[in-house]
Structure formats: C-alpha cells, structure tokens
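These notes are about the structure you will find just below.
The values are calculated or read from the model by the stated rules, or taken from the named source; none is laboratory data. Everything quoted here is computed from the prediction, not taken from an experiment. For neighbour counting, all protein chains shown are included, and Cβ atoms are generated from backbone atoms with ideal geometry for every residue, glycine included. Side chains are part of the model used for accessible areas, which takes the heavy atoms of the whole protein and leaves out ligands, DNA and RNA. Shrake-Rupley method; radii C 1.70, N 1.55, O 1.52, S 1.80 Å.
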Amino acid sequence: MGAGRSLAETLQAVVDGVVDGLGFGIAVLNLRHPDGKFEVIAVAGSPEAREALLGTVSAADIFDSEFAIADVWGKLRFVPHERLPEGEVVGWVPDVPVSDDPDAWHPLDALFAPLYSPDGELVGMLAVDLPEDQRRPGPIHRELLEIFATQAGLAIDKARLTEQLIAEKTRLEASEATFRLVFEGAGNGMATIAFDGPEQGRILRVNAAFCRITGYTADQLVGTRLVTFLRDGEPDQTRQEVEDVAGGNDTYRFERVFTRPSGNEIWLGGTAAIVAQGSGQPRILLVQIDDVTARKDAERELRHHAAHDPLTGLPNRRLLQHRFVKVLERTQATGRPGALLFCDLNHFKLVNDRYGHEAGDRALREIADRLSAGVRHGDTVARLGGDEFAVLAEDIAGDDLDTLISRLEAAVSVPLPNIEVEITTSVGTVPITPTSTDLDALLHQADQAMYATKHHRG
C-alpha cells in the first residue's frame, strides 16, 4: 500500500496483502462510488471468486441486511452462517467441506471490514474468507485485520487524491493562478524543483504543508537541493527512474527517509511529475509528499504479528517454516546435518488449574525466555501452541546436540517464581539432513520421539 500508487494498484495491493500477510484464503474489495453503489474492483486468492465477482455492481444498501444480524467485532462485522435467513445466499460461496466444530469457519460465514478515509467517509468494503487455520478469527487476528483495514482506507483515499492531482496537472500547466491556489491550499506537502537550467535540482517553491511535514521553514528549503535531506539507498536507480519520467509522461512514485531539523528521521511518500512551463522555459518537477511514518510503523508491526506468537513473542509456525527452508538449503549445500527439537512441558496443566491462566501465561513467557537464552546464536525457538515449543538448530549432532538438550532441560526445570508445581520438559529430536523435505513431517517425527522419551522416563 505504498504512497503514490494508482487507485487500481492500491486496491489490488490491499487484497494481496490480506491473503499474503494476514492468512485469509480469499479477499474481495468493493469500492464505493460517489453515487453510493459498490463495485468489486479487486479479488485475491481464488481465480473462481475473481471470475464470479470482479466488476459486479451492487446497490448502496447491499450490506445493510447482513450488518443488521452481524456480530460487532470492534470495527469489523461478522455474519455467522446460522443467522442467515433460510435459503438466502448472497454473493459467491467457496466450495469447501463443512465442519461440525462450532468454532470452525463455515463457507457461509462472512467477515467484513469497512474502509474509511481520514475524514470518516466510507470508501469501500473489504470482505475476507477462508482463514488459513479454518477457524473463526480470534482477538489477535481481528485486531490485525482492523489495523490493515485502517491503513487500506487511508491508502485508497491517498490514491484517489493522487489520481486527481495527476488529472489536474495539464490544467495546472496552463494556469499559474489555478496552480498557485491548489499548491498553497493543498493539505499534503507540495514543492517545485528545477528540473532543467542553471538551478537544476534546487527547490523553487514549497507550500505550508511541506514545511509542516518536514519541520523546515520555506527560507531554509528554497534554494537547497532536496536530495541532501533524503536517505537514498539506491541513488543510481533513483536517478535512472527520474530520467525515465523525463522521457515520458509518467509519474515517479517514491518512499524515502527524510531527516528533520532535530535529526529525527521520518518516512515521506509521494509522487513527482515533470511539468512543462512553455517554449524555451526550463521544466520543473512537481513533488507531492505526505508523512507515511505511521503507516510504515504499522506495516512493520503487522509483519511482526503475522510471524510471531502474541503471548511469548517467539516465532510462530509460519516463521519457523520460513527459517526451516533456509536451514535446509544450507544443509543441502554443506552436507552437515541439523536438528529439529520438539519440547513439551510436563505438569504445566497444574499451573493453570492451581494458579489460573494469567499465572500460566506469565510462566509460559518465562519459559520462552529461558529456552531462547539456552540455545546457540542463530538457533530458532518457536512456540507451536499451548505448552509445546520447537527448536530449529543448524549444523549440530552428537555430543553438541546432547549438550543443547541438557541445557534446555536444565533451564526449564529451574523452579518458577511463586509457583510450587515442578515443571520439566520432554524433548524429542529428529535430524535435518540433505534429504529432508517437509517441516510438518519432521515435527511429527520429533513429536513421536518426544513421547518415546517421556514414556521411557515415565
């Protein structure tokens, strides 16, 4: 959802982000038109859904009946299938098995995230389906979707503004008075930079919003080179992209780190377009910016939550899978085996039963910290769920592996503060060899080895 994307690119990025980053199988985005009607503009995750839904237009009140029977999950609306009127099916329904589990996701369940602009205008409706764990989303999953929906609404509003500014460019070239009015009154930062001539690269004019966003006064900015304030990791690429813009009529879209007078760095996102001033006159670069630091922080947090266990902060199964692939690649290159350890806590249920789940959560966090401290640098400790953990260790076998297991067992067995239950861990291991292929299969083998160890020590 980068700054400066076209509206179509932004909408597709929204649904792609839901499927790739939030773990839903299908995402559908309905854009709200000025007349209130909704049109399906972007679909991700299912070619069948895309073929059935893309381009369909619905009345302004299409969601009213469903929202009337929906559960309110913060800013989200969840419509359980059991509340739908008998025989009434709205839209496309995925062809998936139906589970008897009351907490399982049903193909007729519906989860909606309304998308709003910064001024509270409804700009679209995001519908998601088929969560990857096949269960109705819990509080953490809902919160992530809410964060994503908030940023998506802002991105759509930004993309609309960008398209409006691009459409206005030709008129701005013909009327300096109109240009000045739009330039000075714009809520987002705008600047003109000399693209040709003796002042090439220097800032010619800035509006009040540009000064507010960057923290500099107009006197401090005009006459300087904008690039001196930017942290550009690939200056040669930037230069080539700007030259490409100069050779055509495209708009250059960018996100860059900008240094404010205090020395603090912020993220600026925006667009740059070449504007001709007339025959014989040097061209100027019209730059439009916004502070996108909050969005970049939210995206970083979103990526962290998607890959980490919310209770302990350890990597989750998804991140474990990603790191396993990297370890396997190096194992296949070197021929040196690694190991996957499955750790199950003994007697942990007694902690929850005697001291309550809050104490149990504190205990799990403490044990997670001990396991993390007990492994080698580069090893991965992941929480699989409940009181089960996995350790991914590269280039280890024999005595070194035995030493690692002993160290983890000793770390867990240290008495927990204010808890009299004796907690230990049973560890099962399976080697990671160049012929290994599937993490789930290795986890199953390690799980079986753990039970054999537990039974042996019985």
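Shown for the chain: lysine pairs separated by 8 or more places, or found on different chains, whose C-alpha atoms are under 22 Å apart, numbering 7. When the charge dipole of the chain is built from unit charges on Cβ atoms (+1 for Lys and Arg, -1 for Asp and Glu) and taken about the Cα centre, the candidate among Thr312, Gly269, Thr224 whose Cα reaches farthest toward its positive end is Thr224.
Note on segment 265-308: along the principal axes its Cα atoms extend 58, 18, 11 Å, ordered by decreasing extent. Within the shell defined by Cβ-Cβ distances under 12 Å, the residues around Ala60 carry a net charge of -2, with Lys and Arg each +1 and Asp and Glu each -1. Solvent-free Debye calculation, one equal scatterer per alpha-carbon of the chain: log10 I(q)/I(0) at 0.11 Å⁻¹ equals -1.03.
Other residues within the sphere of radius under 12 Å centred on the Cβ of Ala209, judged by their own Cβ, net out at -2 (K and R +1, D and E -1).
Work out the P(r) tail for segment 24-163: percent of alpha carbon pairs separated by more than 27 Å, whole number. Result for the distance tail: 16 percent.
Based on alpha-carbon atoms, the Kirkwood radius and the radius of gyration of segment 1-75 give Rg/Rh equal to 0.99.
Ordering Ile432, Phe195, Ala159 by Cα displacement along the dipole of the chain toward the positive end leaves Phe195 in first place; charges were set at the Cβ atoms of Lys, Arg (+1) and Asp, Glu (-1).
To put it simply, the accessible area of segment 295-339 at a 1.4 Å probe is 52 percent carbon and sulfur. Kirkwood's formula applied to the C-alpha pairs of segment 340-456 gives a hydrodynamic radius of 14.6 angstrom. Basic side chains Lys and Arg get +1 at the Cβ, acidic Asp and Glu get -1 at the Cβ, and with that the dipole of the chain about its Cα centre reaches some 1380 debye.
3J(HN,Hα) couplings calculated from phi for segment 109-119 with the Karplus curve 6.51 cos²θ - 1.76 cosθ + 1.60 (θ = phi - 60°) are, in sequence order, 5, 9, 10, 10, 10, x, 10, 10, 7, x, 8 Hz; Gly and Pro show x. The residues of segment 36-80 present an accessible area of 50 Å² per residue when probed at 1.4 Å with all protein chains retained. Of the residues Thr403, Ala393, Pro417, the one whose Cα sits farthest toward the positive end of the charge dipole of segment 383-429, with +1 on the Cβ of Lys and Arg and -1 on the Cβ of Asp and Glu, is Pro417.
Here segment 12-127 exposes an accessible surface that is 51 percent carbon and sulfur, computed with a 1.4 Å probe and the other protein chains kept in place.
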